[in-house]
Amino acid sequence: MLVNNQHYRTIWPQRILTNGPASVAIVDQTKLPHAFEVLSLSNLPQMVHAIKTMQVRGAPLIGAAAAYGMALAAQEDATDGALQAAATSLRLSRPTAVNLNWAVSRMLDLMLPQPHAARAQIAWAEAEKICDEDVLQNQAIGQHGLALMQQTAPKNAQIYHVLTHCNAGWLATVDVGTALAPIYAAHEAGIKLHVWVDETRPRNQGASLTAWELGQHGIDHTVISDNAGGHLMQQGLVDMVLVGADRVSSAGDVCNKIGTYLKALAAFDNGVPFYAAVPSPTIDWSIKDALLEIEIEQRHGDEVAYMQGQAANGDMHSVRLIPAGSNTANPAFDVTPARLVTGIITERGVFSPADLVSMRLNNACD
């Protein structure tokens, strides 16, 4: 996608002459929207740190980052024990997004049967393949979402209003995005759009990342407080709620950024369709009951207690929002039950939650 009219991915290998990839470049998302910075990661601990601190974030991108993390590890030590240790370190970095474990397992399954000397080269090639697959999947999600929006466009309105929560654009993937992919596709198709962007406390990925992305792409948008969505739906100002996901159960339950469940409840009460856009690796077929089986990441309370922002002079500051001594709780995700989900937009098409299992049985999605 575009940054100052220049195309970027969120992650890519860096090569040194003819010696092959030696490091991985990432867009440091903790600096956005006030600064666009690219970091170079040259070893596994740096990648684990980037995932933990959300320099890279979003389920598909975490998967891609983990794949490159395995390549960085293999570059240092490609023995079985070292690779298994690297896999454990990556899996523990963030527990909720299924793409991370999926990517690590895929890398291990490919590398371990190979001779030690060949493993690093194989790992770099496979990580790049995972990234390219992600882009193609997201492009397909965009086209299926575009068709859905064309079919459901309000007949008497001039503008299609979409509400989204958190960031599920290109910054959450390798490129293009999941929930924002249909929005980009619709914009390019000439559909007049307006996006309501939830601020998404406590880390404000909507206000800082989604708004920044949409602005770079020239799409009309308005940042709102997280609690404003229900009111806007009551006023008839939302035509669709469109979110991403970190994990979707086989029953169609959607685990996404904290606050998504409340949006789904408001959408259900007001007859507004609620869709989640996800690539197939985000569907965890082993999960039957999302509320019981998905581990919800509990992040540090300082994300609730403090907020970072830019002062009038351009300097960045962190300020405390709550009284000293007050306790904080910071669950990062919640689960939206399938009964509140209108449909799941995948690279294979749009499916109701009830159709997910049949989609898999028909080999429409692996």
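Which one of 303, 297, 347, 293 is more than 20 Å from the chain's Cα centre (by Cα) and of a type outside the set (Gly, Ala, Ser)? Give the derivation first.
On the way: 303 fails: more than 20 Å from the chain's Cα centre (by Cα); 297 fails: more than 20 Å from the chain's Cα centre (by Cα); 347 fails: more than 20 Å from the chain's Cα centre (by Cα).
Exactly one residue qualifies, and that residue is 293.
Residues in the range 90-114 that are surrounded by 18 or more Cβ atoms within 10 Å (Cβ to Cβ), among the small types (Gly, Ala, Ser) and under 17 Å from residue 295 (Cβ atoms): 93, 97.
Take residue 110 and decide whether it is touching a helix residue (DSSP H, G or I) at 6+ places or on another chain (Cβ under 8 Å), in the same structural domain as residue 42 (by TED's automatic domain parsing) and closer than 23 Å to residue 171 by Cβ. Even if it seems obvious, please write down each step before you answer.
Values: touching a helix residue (DSSP H, G or I) at 6+ places or on another chain (Cβ under 8 Å): yes; in the same structural domain as residue 42 (by TED's automatic domain parsing): yes; closer than 23 Å to residue 171 by Cβ: no.
Taking the combined requirement at face value, the residue does not satisfy it.
Can you find even one residue in the range 279-295 that is under 20 Å from residue 350 (Cα atoms), in the same structural domain as residue 344 (by TED's automatic domain parsing) and of a type in the set (S, T, N, Q)? The answer is yes; a qualifying residue exists. Of the strands (runs of 3 or more DSSP E) contained entirely in the range 218-272, those carrying at least 1 residues that are under 20 Å from the mean Cα position of the chain (by Cα), of a type in the set (A, V, I, L, M, F, W, C) and buried (at least 20 other Cβ atoms within 10 Å of the Cβ) fall at 240-243, 247-249, 254-257.
Of all residues in the range 282-299, how many are among the β-branched types (Val, Ile, Thr) and either exposed (fewer than 11 other Cβ atoms within 10 Å of the Cβ) or on the phi > 0 side of the Ramachandran plot (or both)? Quick ask: steps written out before the conclusion?
Initially, the range 282-299 is screened for residues among the β-branched types (Val, Ile, Thr), giving 282-283, 287, 294, 296.
Those left that are additionally either exposed (fewer than 11 other Cβ atoms within 10 Å of the Cβ) or on the phi > 0 side of the Ramachandran plot (or both): none.
Number satisfying all stated conditions: 0.
Just so you know, in the range 57-76 the residues that are more than 25 Å from residue 277 (Cβ to Cβ) and modelled with pLDDT under 95 include one that is surrounded by the most Cβ atoms within 10 Å (Cβ to Cβ), and it is 75. So is residue 82 in contact with a Cys (Cβ under 7 Å, 6 or more places away or on another chain) and either crowded, with 20+ Cβ neighbours inside 10 Å or modelled with pLDDT of 95 or more (or both) or not? Here the answer is no, as residue 82 does not meet what is asked. For the range 273-284, which positions are assigned to a helix (DSSP H, G or I) and touching a Cys at 6+ places or on another chain (Cβ under 8 Å)? Of everything in the range 273-284, just one residue is assigned to a helix (DSSP H, G or I) and touching a Cys at 6+ places or on another chain (Cβ under 8 Å), namely 280.
Go over the candidates 324, 267 one by one and state the one that is of a type in the set (A, V, I, L, M, F, W, C) and modelled with pLDDT of 95 or more.
On the way: 324 fails: modelled with pLDDT of 95 or more.
After ruling out the rest, the residue left standing is 267.
When you check residue 130 against the structure, is it touching a helix residue (DSSP H, G or I) at 6+ places or on another chain (Cβ under 7 Å) and either farther than 17 Å from residue 344 by Cα or of a type in the set (S, T, N, Q) (or both), yes or no? Considered against the rule, which asks whether it is touching a helix residue (DSSP H, G or I) at 6+ places or on another chain (Cβ under 7 Å) and either farther than 17 Å from residue 344 by Cα or of a type in the set (S, T, N, Q) (or both), residue 130 comes out as yes.
The values are calculated or read from the model by the stated rules, or taken from the named source; none is laboratory data. No experiment lies behind these values; they were computed from the predicted model shown. Quick reminder, even Gly has a Cβ in these numbers, built from the backbone with ideal geometry, and neighbours come from all protein chains shown.
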